[in-house]
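Structure first, commentary second.
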Amino acid sequence: MPTPYPAPRPTDNAEAHNPTEPDAHAPDYLASTAPDKTAFAKGGAAGPTGWRNNPEVLLILMAAAMPLSFSTWMALLNNFSVEMADFTGREIGILQSLREIPGFLAFTAIFALLIFREQTFAILSLMVLGLGVAMSGYFPTVIGLYCTTVLMSIGFHYFETMQQALSLQWVAKDRAAMVMGRQLSAKSIASLLMFGGVWVMMEIFAMPYRGVYVAGGALTIIGAVIAWMVFPKFKDAHPQTRKLVLRRRYWLYYALTFMAGARRQIFTVFAGFLMVEKFGYDVGTITILYLLNHAINMVLAPKIGRLIGKWGERRALVVEYCGLFIVFTSYAFVQNAHIAAGLYVIDHMFFAMAIAMKTYFQKIADPGDISSTAGVSFTINHIAAVFLPAAFGLLWLVSPSAVFLTGAVLALGSLILSLNVPHDPRPGNEVVLGGTDPAPSVGQAAR
């Protein structure tokens, strides 16, 4: 069978080739066994299958480097903004809105790719994220915190866009869900370490906010430097489209992405708020819930990834949305604080199931569309973030239950959409109903 990728040149050491893509190597035995290998290829560090030449190792390293600063920012934000910058509800609301703007503009990543390769841009974005967090403690004012938050958010959202694009490009389709599960596990481990580290620095060593921010940001920057200096520049299997791409045959993926963004806003904004307002949870208890969520994800995310690979995307998405429908409906009527905490943990566990949506796109996409569509999908995912928090905030004043019942309706809508995912998604078989013939991309070439 002819290989879809050009065979690598034996003397080409400038760019490493992906040892996990089944057709990326000339030896037939490796191509046939690659899907069964772990993310860490065997061999010497300098050899063609050494860990430095395995792109999955780089993806996991970068996934772990991101939360070292982002978790620090999350842990300190509320206390720092009130104690040092005199924030009120008005300022924190504006800050959260500003934080979502780079996510809404993630499609602009395609313009940066006219200058940088995806791998380079991902590492630079990590550095920007770390820099934004490290600088936060030096600007304890309203405007200062707005500016550092936007800088941090630019790095975060561009990195997440590129991380998704690289994962879908570098990893074989039958391994993608498992590898993404490992990345989520790495993120959870790093988050656990940083939440604990922040507590130690603040409570045991009484470090000032400035020092803790610098420590968290510096760790992410160090991770980015290691990723830059230790790993080679991996060669993409397929040239990427350098323009904005919207294709009619991806419509189901776009719809699922939008619905996921809407549900995310309800969970991130109102689920935790319910714990505090209705059940009186203090900061320590909420922090324990965060830690418990990450500890569970650390163990379950790789297993969920393997399960998605075994079940297929359709079945995994159906299970996810059925579960979320039950969780949101339960939120609306829960009267017991312990049950509410359990729902919060279960809700977070379903986040790992969202891997299925990404691998569904990987299977139906033109290989060259992945980077462009990663940016577009992040923008679609953040459309709801522009207006839903404020709208649901007003609805909350009337009926908190109505907010979660709306989330249940969104989960039900996602469930109906997921039933349109074919059992064997591939180009030409993107949906069960409503398919279209492959059409030219809609959009303007980036200049």
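The values are calculated or read from the model by the stated rules, or taken from the named source; none is laboratory data. Bear in mind the structure is a predicted one, so any value in this text is a computation, not a measurement. Ideal geometry is used to build each Cβ from the backbone, glycine not excepted, and the neighbour counts take in all protein chains shown. Note: accessible area is taken over every heavy atom of the protein model, side chains too, but ligands, DNA and RNA are not part of it. Shrake-Rupley method; radii C 1.70, N 1.55, O 1.52, S 1.80 Å.
Observations on the structure shown:
- For LEU252, the conditions (1) open to solvent by 10 Å² or more (accessible area, probe 1.4 Å); (2) at pLDDT 90 or above; (3) part of a helix (DSSP H, G or I) all hold with the exception of (1).
- Within the range 60-110, the set of residues being part of a loop (DSSP other than H, G, I, E, B) and open to solvent by 20 Å² or more (accessible area, probe 1.4 Å) comprises MET84, ASP86, THR88, LEU105.
- Enumeration of residues in the range 293-309 that are among the basic types (Lys, Arg) and either open to solvent by less than 40 Å² (accessible area, probe 1.4 Å) or touching a Ser or Thr at 6+ places or on another chain (Cβ under 8 Å) (or both): none
- Condition check for LEU126: among the hydrophobic types (A, V, I, L, M, F, W, C) and either surrounded by fewer than 23 Cβ atoms within 10 Å (Cβ to Cβ) or modelled with pLDDT under 95 (or both): no
- Of the residues PHE378, PHE404, the single one that is farther than 14 Å from GLY261 by Cα, in contact (Cβ under 8 Å) with a residue 12 or more places away in the chain, surrounded by 23 or more Cβ atoms within 10 Å (Cβ to Cβ) and of a type in the set (A, V, I, L, M, F, W, C) is PHE404.
- Any hit, the range 206-222, residues being of a type in the set (Ser, Thr, Tyr), part of a helix (DSSP H, G or I) and under 25 Å from THR379 (Cβ atoms): yes
- Filter pass, ILE189 being open to solvent by 30 Å² or more (accessible area, probe 1.4 Å) and not in a helix (DSSP H, G or I): no
- The residues of the range 356-372 that are open to solvent by 10 Å² or more (accessible area, probe 1.4 Å) and modelled with pLDDT of 85 or more, listed by number, are MET357, LYS358, LYS363, ASP366.
- Test: residue in the range 341-354 that is of a type in the set (D, E, K, R) and surrounded by fewer than 19 Cβ atoms within 10 Å (Cβ to Cβ): no
- Residue in the range 234-248 that is out of contact with any His (no Cβ under 9 Å at 6 or more places or on another chain), closer than 17 Å to HIS348 by Cβ and assigned to a loop (DSSP other than H, G, I, E, B) present: no
- Only one of VAL150, VAL133, VAL200 that is buried (at least 22 other Cβ atoms within 10 Å of the Cβ), in a helix (DSSP H, G or I) and of a type in the set (Val, Ile, Thr): VAL133
- Pairs with Cβ under 6 Å, 6+ apart, first in the range 129-154 and farther than 15 Å from VAL212 by Cα, second open to solvent by 10 Å² or more (accessible area, probe 1.4 Å) and of a type in the set (Asp, Glu): VAL142/GLU91
- Restricting the range 297-346 to residues that are part of a helix (DSSP H, G or I) and among the polar types (S, T, N, Q) leaves a set whose member that is nearest to LYS363 (Cα to Cα) is ASN297.
- The combined condition, being under 14 Å from ALA65 (Cβ atoms), touching a residue at least 24 places away in the same chain (Cβ under 8 Å) and not in a loop (DSSP other than H, G, I, E, B), is not fulfilled by MET178.
- Those residues of the range 267-292 which are free of Cβ contacts under 8 Å to residues at least 60 places away in the same chain and under 26 Å from ALA356 (Cβ atoms), in sequence order: THR268, LEU289, LEU292
- Taken over the range 111-128, the residue count meeting the criterion of being within 20 Å of the chain's Cα centre (by Cα), assigned to a helix (DSSP H, G or I) and over 29 Å from VAL212 (Cα atoms) is 2.
- One residue from VAL409, VAL386 being assigned to a helix (DSSP H, G or I) and either buried (at least 21 other Cβ atoms within 10 Å of the Cβ) or free of Cβ contacts under 8 Å to residues at least 40 places away in the same chain (or both): VAL409
- Listed by first and then second residue, the pairs linking a residue in the range 54-75 that is on the phi < 0 side of the Ramachandran plot to a residue that is among the charged types (D, E, K, R) and open to solvent by 10 Å² or more (accessible area, probe 1.4 Å), with Cβ atoms under 7 Å apart and 6 or more places separating them unless they lie on different chains, are ILE60/ARG182; ALA63/LYS187; ALA64/LYS187; MET66/LYS187; PRO67/LYS187.
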